Amino acid sequence: MRVIFAFVLCGMISYTSFGVIHVVDNNTNNTTAFAQIDDAIASASAGDTIYVQPSPLPYESATIDKQLVMYGAGRNPDKQVPVRSKLPVLFIEQAGAGSEIHGMHCSTSLSASESDVDNITVTNCRLVSMTIIGDNYFIENSIIGSQNSNTAGVIVNTFTVGEHENIVFQNCVFASMIQNFDGAGNAIRNSLFLSNLYWGTVFHLSLIHISEPTRQAEI
């Protein structure tokens, strides 16, 4: 049994290691990488990885239409010139279910663009807003919303396809309201809630399970 398990595990590792890495870089000195994210996505196959280089210039909005792993520079890069991997909107289509987004800065939103966009992982991102239309989301170490905006930080779209379940936020900062968060298995853990200029509270039209120790603050 141990021999069989080792063989299967090796096969899994080999499969992961063969995913192609695509690099996106819109800096002026780029001569080899894709200049825009959508170009890299078009060239990629399901299971590939996309690295988005930090840049002082924002990238164009992009759409994930297959299962991919995307890495940016992080929500707050710890370096002398802390430029980010920034774009207005990152859309995820149904075919992008199972994707992972790490270290991206979306100045408008990270949004599911249709129903049943399931099994999404988001870590270390800066998102002015996030629209969820699916189940099984895990969002960690991310800043979501803006204190000076009346745009909802998180919208769980339940108007046409029913409640969405197993949506978990962990170690996040919320700066605007959260809408429609009453699905089974949904939780917010170990997170910070900031006041908002327009809404006051971040909770709206929601039944929210908050796992302690959650902190609240006004600034």
Contact order relative to length of segment 93-190, as percent, for alpha carbon pairs under 8 angstrom and 6 or more apart = 22
query = Karplus couplings for segment 141-149 from phi (6.51 cos²θ - 1.76 cosθ + 1.60, θ = phi - 60°), rounded to Hz, Gly and Pro as x?
reply = 6, 10, 9, 10, x, 9, 5, 9, 10
query = Stretched out fully, how many nm does the piece from residue 168 to residue 45 gain, at 0.36 nm a residue minus the Cα gap?
reply = 41.5 nm
request  = State whether segment 40-95 is rounded, prolate or oblate according to the following rule on the C-alpha gyration tensor (a ≥ b ≥ c being the square roots of its eigenvalues): a/c under 1.5 gives rounded; otherwise a/b larger than b/c gives prolate, and the remaining case gives oblate.
outcome  = prolate
note = The answer for the net charge of residues other than residue 163 whose Cβ lies under 12 angstrom from its Cβ, with Lys and Arg +1 and Asp and Glu -1, is -3
key: Alpha-carbon centroids, segment 124-178 and segment 21-65: separation in whole Å   = 24
ask   = Got a sec? Which residues in segment 76-108 would a label at residue 28 touch, if it sits 7 Å along Cα→Cβ and we count backbone N under 20 Å?
value = 81-86
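Bear in mind these aren't lab numbers, they're just calculated from the coordinates by the rules spelled out. This structure is a prediction, so every number in the text was calculated from the model and none was measured. Every residue, glycine among them, receives a Cβ derived from its backbone with ideal geometry; neighbour counts consider all protein chains shown.
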